[in-house]
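Since the structure comes first, as structure tokens, the remarks are kept for the end.
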């Protein structure tokens with residue numbers, strides 16, 4: 001006959017096994033509960049919201065190629081006013097004016113071309129909101145590129161960088177517009193064939 005301590009140890013092991021089984025069953029039950037309570041899909045329908053007062057700028061669509069920079073978003077903030085010299089500020093204003101002129105001259109053609117490419121017809125109100133939003137973001141984008149480039153060049157080279165910055169900002173704007181249209185196409189925007 002086994003000693004008494006052996007029976008006690010065997011009883012304790014059996015009790016621990018039973019508690020472990022109960023705990024595993026509870027964990028499984030809780031996991032099933034969590035899975036059942038999760039929404040399958042969350043959709044936000046902003047066009048159904050009633051907004052009485054809205055302020056600020058919504059930065060949508062700037063897809064920077066410079067990933068991994070934590071301060072990138074802050075650098076692009078439209079309201080940031082870094083301490084720049086008079087020459088640098090004049091350069092920012094000059095480039096911004098040129099970019100805005102190019103933007104206004106090309107936005108309708110870009111939209112028409114992209115709509116045709118994706119077989120869409122976007123409502124004028126959507127186009128207006130998007131173009132107005134992008135127009136408000138252009139000065140901040142120009143300022144970002146000027147400040148970034150001016151750290152790496154001499155004063156004599158700063159004048160040479162104007163066309164490069166202008167081209168980069170226009171490329172960013174075009175890619176943003178293309179991204180908007182592509183997104184609308186993917187989510188099933190209004191097809192030209194429906195008109």
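Applying 1/(1 + (r/R0)^6) with R0 = 22 Å to the Cβ-Cβ distance of residue 100 and residue 171 gives a FRET efficiency near 0.90. Legend: ranking of residues 183, 118 from fewest to most surrounding C-beta atoms inside 10 Å; resulting order 183, 118. For an R0 of 35 angstrom, estimate the FRET efficiency from the Cβ-Cβ distance between residue 5 and residue 27 and round to the nearest 0.05. The value I calculate is 0.60.
Values in this text are rule-based calculations from the coordinates and carry no lab data. As the structure is a computational prediction, the values presented were derived from the model and not from experiment. When we count neighbours, we look across all protein chains shown, and the Cβ atoms used for this are built from the backbone with ideal geometry, even at glycine.
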